[in-house]
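Below: one structure, written as C-alpha cells.
The values are calculated or read from the model by the stated rules, or taken from the named source; none is laboratory data. Quick caveat, the model's predicted, so the values are computed rather than measured. Glycine gets a Cβ as well: all are built from the backbone with ideal geometry, and neighbour counts include every protein chain shown. Surface areas here come from the heavy atoms of the whole protein model, side chains and all, with no ligands, DNA or RNA. Shrake-Rupley method; radii C 1.70, N 1.55, O 1.52, S 1.80 Å.
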Amino acid sequence: MVSASLRVAAVAIVLVAGLPFGAAAQLVRGTILDQTGLPLPGATIEVLEGTTVTDTLTTEADGTFEIPARILGSTIRVKLEGFETITVPRVDAGRVVLPLARASSSTEVIASMLRAESPTSPLLGNTLTATNIARMPSSRLKARESLPLLPSVVRGSDGLLRLGGARPSESPLLVDGFDVTDPATGISSLNLPFEAVQGVEFLRDPMSITYGTLMGGVVKIESRSGGDRRQMGLQGFIPRPRFQNPGAGRIEGIFPRFFMGGAADAGRVHYFGAIEYDYERITVPEVTQGSGPNIVEKSATVFGRIDIAATSQTQMILEGFVFPSATDLVGLSPRREEAASPNVSSQDLFGGFTSRTSFGNATLLTVRAGVLSHDSTLLPGGRGPARVSPVGWRNNWFSQVGRRAVRYSLAATLERSIASGRGTHDVTLLGSIRARRLRGTVVEESVLVENEQGGVVRAIDFGQSTAIAAQDWPYEAGVRDLWRLNDRFQIDGGVRVDGINRYGALPSARVGVRYALDEAGLTVLKGGVGNFVGKIPLAVPAFSGYPMRIDRRVDEATGLSETFALQPTVNRLRLPHAMAVSLQLERQIRPGLDASVGYTRRRSTRLATLDVPQSSGPLAVESSGISTYRELQVSARQTWAGQQQLFVSYVWSSSIGELNDFMSSFGSLDAPLLQPGGMSRLPTDARHRWIAWGTVNLPRNFVFSPVMEWHSGFPYSPLDTRQLYLETPNSASYPAFMAVDLIAYKTVTYRKKTADVGIQLFNLTNHFNPRDVYAVSGARDYGRFTNSVGPILRGFMMIKW
C-alpha cells in the first residue's frame, strides 16, 4: 500500500509540473533575503506609482513574491519588522537584500536575530502566510484553524490538532515568542483572527535548540504590527443564515469583527488592534430537529499590540489579549443526549512585554516578560447519575470541575554574529524562568453502565468533592551556534537544560545540517537529530486531589460482582523525553515548482501515564509511558503570478503509544470510565493522508480556492457491555475520511473601499465522514457509524478600507 501510494505521489508531482495554470508573461518575480542569504518570509511589499501604493503583497515562506503585469507601479518598497525599509526600482526587484535595522550594508548580521527559524527547517508543508490563510476555506476565518492544510497536521474527532503525531499537550502554541497554552493542560484554544496574524508556522522535530518544553512540534503565530498608514476593516457583521436542513433559514451564526492599525508620533509608534465576537449554532446529524438542540459555541477576542521605537537601538512591544469562550452541549451527538452533554466555559487573559536592544551592529538582546491566566469550568446539564448503554450517554454528565491556572514568565536571549576564517557563527544564549500555579475543585456523580436490556452491569461511585492544587518553577538555559561555512553548507547545533524544581533537570542536544548539492542551490539535503525535553502540565501533579473511585463490575454470565477501590495518587514523575531524527531532500524542478521528500522518526519516553490496577489500590499517574511515531512525506508546490498556487502532499505515518496517556484522558477536565491500558495505535493514527489545495484568479476579480483531504479511517476499540475492551484496543477502524471544500469570492471596490463577497462550501461531495460508532459487541447497532456532517453552504463578506 505504501509503495503504491508513493508511486501515485510521484505521478502527482509530475502532473503538477505540467499544469497550464495561468499566464506568467511580463511577470516580475523576486526574492527577499537577509544579508547572509536567508529568505525572509512575511515581508510586506508595496508597489508604488509615484507616491501612490497600487498594491500590497507578502513574501511566501521561501521569501519569494510575484508582481503580475496588471499591477501598475515603477518602484517597490519592502518592509519587515526589525529590518530597514528598502525602496528599489521594479526592474531591479529580482533579488532584494534587506539589512537589519540600524545596521550598515557591510555589517555581518543575521535573520535569526529576529526570528529563530533554522536553515534546516523544511521548505514545504510547515508555513502558512496571512495571504494563504485569507484565500483558503475557513468556517471561522481564523489563523490556527487553517493548520490542517499542512501535511502533518491532523484534526481528531475531539476537534484538537495533532502536529506531527504529537499529542495536543506536547505541542505548545507561541504568540510572538510567548507560550499561551493553558498551564494546567498544555493545550490552547486561542485562535486569533487572520487580520491580526502575519503568518503561522509549524516547526517540526528536530528544530533549533532555542525551542523547548515540547515533544514533537510547536505552532508559532506572529502577530501583525501597525503599518505606516492607517488601515481598518470590518467583517462578519451580517448574520449568517443556514442554507441546508435541519434548520434551513434560521440564523446559524454571526462573526462581527473590526481591526485597525496605523502609526503615531512621526512613525515612532505603531499600533494594531482587533476585536471579534463569534456565535455559532452547530446542528448535529440525527439530533437537531428544526430549532434544536444545537451545539452552541461563543467566544470573543480582544487583541492589541503597540510597537515603540524607544531609542535608535531599542524597540519595545506591548501586547495582550482577552479570550473568553463557552460551548453549550459539548459532545452532543446521536450517542449523547442533551442532558448528558455538559457546558464548558473558559477565559484567557494575557499580557506581554518585549524589549529588543542592539549593541553595535551584530549583537541583539531580547527580553520578554509575560503573564497568562486561564480559567475553565465544566458544568453538567442534568441531574442524578450519568447513564451509559450500548446506544450512548443519557440523563446527566458525571462531573463538575473548575480550574484556574496562572503562569508568570521571564526570558532573555542574547544573539551575536561572529565572523571567522571559516564562515560565520550566529551564537545564541538563552535563559528563562517561569512560575506556575493551579487551583480548582472537583465534584463527581455516579456513572451507571447498562446492558441493552437496561440492567446495570457496572457502577462507578466517587468520594466527596475535593480541592485540587499544584505549583512549580520551570526553568531553562541553552546555547546555540548556527555555523554558516559557506553559501552551500550550514550546521545548526546546540545544547540546553530544561528543568522544574519538583522534578529536577534534564539536558538535551540537537544538530541539523543543510547542504546544497549544486552551486545554484536547486537541490538541498537537510537532516537533523536531537532530543527534546517536554513539560509536565499542572493537571498531572494535581491528580492526587481527585476523589476516590469505587468501581463495581457484574459478570453477566455468572451474576458475580467485583468491587475495586481506586485512590488517585501521583507516583514519581520525571520530565518526558523524546529522541528524533529527520532527513529531507528538496528540489526546485523549475522556477515556481518545488518538491520535497522527507522522513521523520521519533521515540518518546517518560510520558505521564495512568496506571489502572486490576484490583483495589492506588490509581497512580507516573512517568512510564512510551510512544513512537514514523512519517514519510512527499510534497510539491507550484506557484504562478498573482499569488496563485497548487500544493499537493502525501503522508504515510504510524503512531503507536500508551492508551492511558494521562493528558489524553484528563485534558478535558475529567474522565468517567477507566481501565487497564497498554500499547496500541493512537486514536488519530491515520496511516495514509492526501491533501491538495490551491488558489486560482479568475476574470473580473474572482478568486477560486478548493481544498481536498483524504485519509485513512481513525481506529476505535470494540467493547463489551461493561464498556471494557473486548479485543485488542483500537483494532477496528472508521471508514476513510474525505472532504472537498472550496471558497469562491469576488473583490469589489467602491469609493476606494474594497470588499470580498463570496461563498464557502464544505464537504461538497457529501462524503460519509462519521464521528461516532456503536462499539458494544452484540448490541443491536454494533458496528454502525453515525454523526456525519453533510454539505454546508456559507456566505461571507469582508470590508477593508
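Okay, here's what the table says:
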{"read-out": "Gap separating the Cα centres of segment 652-666 and segment 367-388, nearest whole Å", "value": "22"}
{"read-out": "Residue-level accessible surface for Glu476, protein heavy atoms, 1.4 Å, Å²", "value": "30"}
{"read-out": "Per-pair calculated FRET efficiency, R0 = 60 Å: Ala509 and Ala248 via Cβ, rounded to 0.05", "value": "0.55"}
{"read-out": "As computed over segment 557-629, the Cα convex hull volume per residue (Å³)", "value": "171"}
{"read-out": "Mean accessible surface per residue for the chain, computed with a 1.4 Å probe while every protein chain stays in place, in Å²", "value": "39"}
{"read-out": "Whole-percent carbon and sulfur share, accessible surface of the chain, 1.4 Å", "value": "57"}
{"read-out": "Label selected from (i) 45, 39, 28; (ii) 44, 30, 26; (iii) 49, 34, 29, the criterion being semi-axes √(5λ) of the Cα gyration tensor in Å as computed here", "value": "(ii)"}
{"read-out": "R0 of 45 Å, Cβ-Cβ distance Thr363-Glu519: FRET efficiency to nearest 0.05", "value": "0.90"}
{"read-out": "Karplus (6.51, -1.76, 1.60) ³J(HN,Hα), θ = phi - 60°, over segment 311-328, in Hz, Gly and Pro reported as x", "value": "9, 5, 10, 10, 10, 10, 10, 10, 8, x, 8, 10, 9, x, 8, 8, 10, 8"}
{"read-out": "R0 of 45 Å, Cβ-Cβ distance Met679-Asp481: FRET efficiency to nearest 0.05", "value": "0.75"}
{"read-out": "Label point distance in nm, Ser733-Gln588, each placed 7 Å from Cα along Cα→Cβ", "value": "3.9"}
{"read-out": "Relative contact order (percent, whole number), the chain, Cα cutoff 8 Å, 6+ residue spacing", "value": "10"}
{"read-out": "Cleavage-rule hits, trypsin sites (Lys or Arg not before Pro), segment 369-460, DSSP coil, Cβ neighbours within 10 Å at most 13", "value": "Arg383, Arg422"}
{"read-out": "Inter-probe distance in nm under a simple model that places probes 7 Å from Cα toward Cβ, at Ser74 and Thr749", "value": "2.0"}
{"read-out": "Label point distance in nm, Ser355-Arg574, each placed 7 Å from Cα along Cα→Cβ", "value": "4.0"}
